[in-house]
1. Write down the accessible area per residue of the range 47-136 in Å², having rolled a 1.4 Å probe over the full set of protein chains.
2. With viscosity set to 0.692 mPa s and temperature to 37 °C, compute the Stokes-Einstein D of the chain, Rh being the Kirkwood radius across alpha carbon pairs; µm²/s, no decimals.
3. Can you compute 3J(HN,Hα) from phi for each residue in the range 110-122, using the Karplus curve 6.51 cos²θ - 1.76 cosθ + 1.60 with θ = phi - 60°, rounded to whole Hz and x for Gly and Pro?
4. Please report, as a whole percent, how much of the solvent-accessible surface of the chain comes from carbon and sulfur atoms (probe radius 1.4 Å).
5. Expressed as a rounded percentage, what relative contact order does the chain have, with Cα pairs under 8 Å and six or more residues apart?
6. What does the charge dipole of the chain about its Cα centre add up to, to the nearest 20 debye, if the Cβ of each Lys and Arg holds +1 and the Cβ of each Asp and Glu holds -1?
7. Let me make sure I get this right: for the range 5-67, a, b and c are the square roots of the gyration tensor eigenvalues over alpha carbons, sorted descending. Under 1.5 in a/c it's rounded, otherwise prolate if a/b > b/c, else oblate. Which is it?
8. Most fluctuating residue of Ile105, Ile60, Ile115 in a GNM of the chain with Cα springs under 10 Å: which is it?
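The values are calculated or read from the model by the stated rules, or taken from the named source; none is laboratory data. Just so it is clear, the model here is predicted, and its values are computed rather than measured. We place every Cβ from the backbone using ideal geometry, glycine too, and count neighbours over all the protein chains shown. Only protein heavy atoms, including side chains, enter the accessible area calculation; ligands, DNA and RNA are left aside. Shrake-Rupley method; radii C 1.70, N 1.55, O 1.52, S 1.80 Å.
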Amino acid sequence: MAIKMNMDIMELVFYFWQATSDRDKVGEAFIMSIAGHEAMKPVYTDEFTVESVRRALSAISNRERFSADHQCESRFWNNNMWAMEDMGLMEAMMAPLKVMNLSDIQMAGDYEVVILPLHMDDYYLKGNTLYVNFFRLQADIMGGDELKMDGVEFKKWVERTLNAA
């Protein structure tokens, strides 16, 4: 059985952060490709929706004030603003994820690990998919330690979380 890593949304968001940090205008169509992406749908709730993501990213791109309706929207906006302020840390977090291979983790079944830019929760486990909040990962900016989640090496954390389900 296998575990597949899905970084599709993070690749899009990372480009968004880079372009916006460089003061390039990111269009609504690109923002909607993030907000409306199939991988985002399972984490949406009554308080955190496609429109929440669109409004927050659009405000960031347009350098406008953001008025959140719910705490999760405010946290999402804040997390993305923080990401753009420390692109070095974001690169240190993205680099190991891009090359991470989870296939050596032994599981009874096929799983997908989807890394997303979320808000409040560390992760969601829905069916055989583990949705991980990118902003909860911990990277060593000096490059010495491995990527961690809750102080545990990320691959071990994934294995422990899936085995506990």
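1. Working: 4130 Å² over 90 residues.
Here the per-residue accessible area is 46 Å².
2. Details: Rh = 16.4 Å.
D, rounded to a whole number, is 200 µm²/s.
3. 3J(HN,Hα) across the range 110-122, in whole Hz: 8, 10, 10, 10, 10, 8, 10, x, 10, 10, 8, 7, 5.
4. Whole-percent figure for carbon plus sulfur exposure: 47.
5. Working: 220 pairs, mean separation 44.1, N = 165.
Across the chain, relative contact order equals 27 percent.
6. Dipole size: approximately 140 debye.
7. oblate
8. Ile105
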